[in-house]
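The values are calculated or read from the model by the stated rules, or taken from the named source; none is laboratory data. Since we're looking at a predicted model, the values are computed, not measured. Here the Cβ positions follow ideal geometry from the backbone for every residue, glycine too, while neighbour counts run over all protein chains shown.
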Amino acid sequence: MNNYDKIYVNGQWVPSEGTKTIAVHDSITEEVMATIPEGTAGDVAKAAAAAKEAFESWSALPAAERAKYMSRIGDALGGRMDEIASAISRETGMSKPLSNVIQVGLPLNSFKTAATVAESFQYSKEIGSSLVVREPIGVVGCITPWNYPLHQIAAKVAYAMAAGCTVVLKPSEVAPVDAFMLAEIIHEVGLPAGVFNLVTGTGPVVGEAIAASPDIDMVSFTGSTRAGRRVMQVGAETVKKIALELGGKSANIICDDLDAETFGKAVMAGVGKSMLNSGQTCSALTRMLVPRARLAEAETAAALVANNMKVGDPFAEGTNLGPLASAAQRERVQGYIQKGIDEGAVLVAGGLGAPEGLEKGYYVRPTVFSNVQPGMTIEQEEIFGPVLSIIPYEDDDDAVRIANGTVYGLAGAVFAADKERALRIARRMRTGQVEVNGGAFNANAPFGGYKQSGIGRELGEYGFEEFLEIKSLQM
């Protein structure tokens, strides 16, 4: 077991002002795998002060020099990939091979891409008699979730630091071990003191203090829509910039012009995309919209995939789905499955209880509901578990109406034989990104949502721009 007894402030590992610790549980065994400090508002004040002091010299450093640090951090993450991925698999339940590629590979890419963007970015532009310049916004508070813990940290920290900002990071207390490993790497590469600071603790204490701090110029938050609203409310007191990446209830529209084989493949792929990371994915395609006349066809294909998924130890060969990240999350998902049954959705795979032989660990059965009606709880609310809703629709207009009929707008997908038709539908979806005919996730394309899925974008050049202010110099 790892006992992390210090936080990282101003280039040093220092004790927290608080005396309490938080236990981190292994999602596979339910046993304590680590303890971390339960930080305080005082810890945040010290970290923010250190970041504020470091900002002047860090922001003045040439972009190429900042890029070198980001690139070194990326290299060092690659060197510890197996160790970090193993920790995240235990924290979140993701299968180990996927953890290597996604949970560490994507953060590595973020640090490398942030370095490249920092060097190539055009920081100034002439408009008439004005020189418009882009400058780092200042101190950024980064509050991150547990489902893709290091990926969400890197999406904020790498781009913010590359842009010339300094940061105070509060990782999720459910999956914080990777954040300590990142801090160790940052210390080893010799990043100047105060540029990166790590304070662990709870949202109501450390998160609130970050949002309220007068020394913090911007908060970048990823998590639930409810918590995001709170960050906005608290941050409004100091009129700081708030970037939010929140929940999703993404629709996957499968069109009626597909032949039987392609339709079946689209449905089967859609099940997988709804259950990536055991469904603990904000952009998961959790609502599958199919033509009413082909509902039975979709049910058969979806049930086949769900019933054949291997659920179990993330480190065992062939595992498709590991456990959920916590006992609280398991109970939440079970509650939604019960709600689906109570409201009259048709259960075609999975259901209540643990998978056979998996009584220990936060496991849930891969579950598919069909004939889900717009407005049902499982159709409207983010479940964050391996639960798919199949919803019948009448025509393209009806599909778009259903797709846009939630408070969310993070992701989506369209599958049609006619690509132009697919693109027309995709353009009508009020959402931040849409997969067209199986288009792959692009780690350098802008990621973020419409409506209550958030404000702002992460990753690539658009993510980099979020951390820059605009100044006009009238010449």
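Here are the numbers for this structure:
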item	result
Qualifying positions in segment 175-223 - in contact with a strand residue (DSSP E or B) (Cβ under 7 Å, 6 or more places away or on another chain) and closer than 19 Å to residue 85 by Cβ	176, 177, 179, 183, 186
Odd one out for residue 93, checked against (1) closer than 22 Å to residue 8 by Cα; (2) crowded, with 18+ Cβ neighbours inside 10 Å	(1)
Selection status of residue 127, surrounded by fewer than 17 Cβ atoms within 10 Å (Cβ to Cβ) and of a type in the set (A, V, I, L, M, F, W, C)	yes
Tally of residues being assigned to a loop (DSSP other than H, G, I, E, B), farther than 12 Å from residue 140 by Cβ and touching a Pro at 6+ places or on another chain (Cβ under 7 Å) across segment 164-197	3
Selection count where residues are out of contact with any helix residue (DSSP H, G or I) (no Cβ under 7 Å at 6 or more places or on another chain) and touching a residue at least 60 places away in the same chain (Cβ under 8 Å), scope segment 310-322	3
Residue 426 vs. criteria within 19 Å of residue 255 (Cβ to Cβ), under 26 Å from the mean Cα position of the chain (by Cα) and either in a helix (DSSP H, G or I) or assigned by TED's automatic domain parsing to the domain that holds residue 93 (or both)	yes
Hits in segment 248-293 (condition: charged (D, E, K, R), surrounded by 17 or more Cβ atoms within 10 Å (Cβ to Cβ) and under 15 Å from residue 371 (Cα atoms))	287
Residue among 76, 45, 51 that alone is over 25 Å from residue 219 (Cα atoms), part of a helix (DSSP H, G or I) and small (Gly, Ala, Ser)	76
Residue that is surrounded by the most Cβ atoms within 10 Å (Cβ to Cβ), among those in segment 218-247 that are β-branched (Val, Ile, Thr) and touching a residue at least 12 places away in the same chain (Cβ under 8 Å)	219
Of the criteria (1) under 23 Å from residue 7 (Cα atoms); (2) among the small types (Gly, Ala, Ser); (3) buried (at least 23 other Cβ atoms within 10 Å of the Cβ), which one residue 212 fails	(3)
Subset tally (residues that are aromatic (Phe, Trp, Tyr) and over 29 Å from residue 424 (Cα atoms)) for segment 354-383	2
Where a residue in segment 418-439 is within 18 Å of residue 262 (Cα to Cα) and its partner, wherever it lies, is part of a loop (DSSP other than H, G, I, E, B) and of a type in the set (S, T, N, Q), with Cβ under 9 Å and at least six apart	419/437; 422/437
Given (1) more than 25 Å from residue 455 (Cα to Cα); (2) not in a loop (DSSP other than H, G, I, E, B), index of the condition residue 351 fails	(2)
Enumeration of residues in segment 17-58 that are of a type in the set (S, T, N, Q) and either assigned by TED's automatic domain parsing to the domain that holds residue 361 or more than 27 Å from the chain's Cα centre (by Cα) (or both)	19, 57
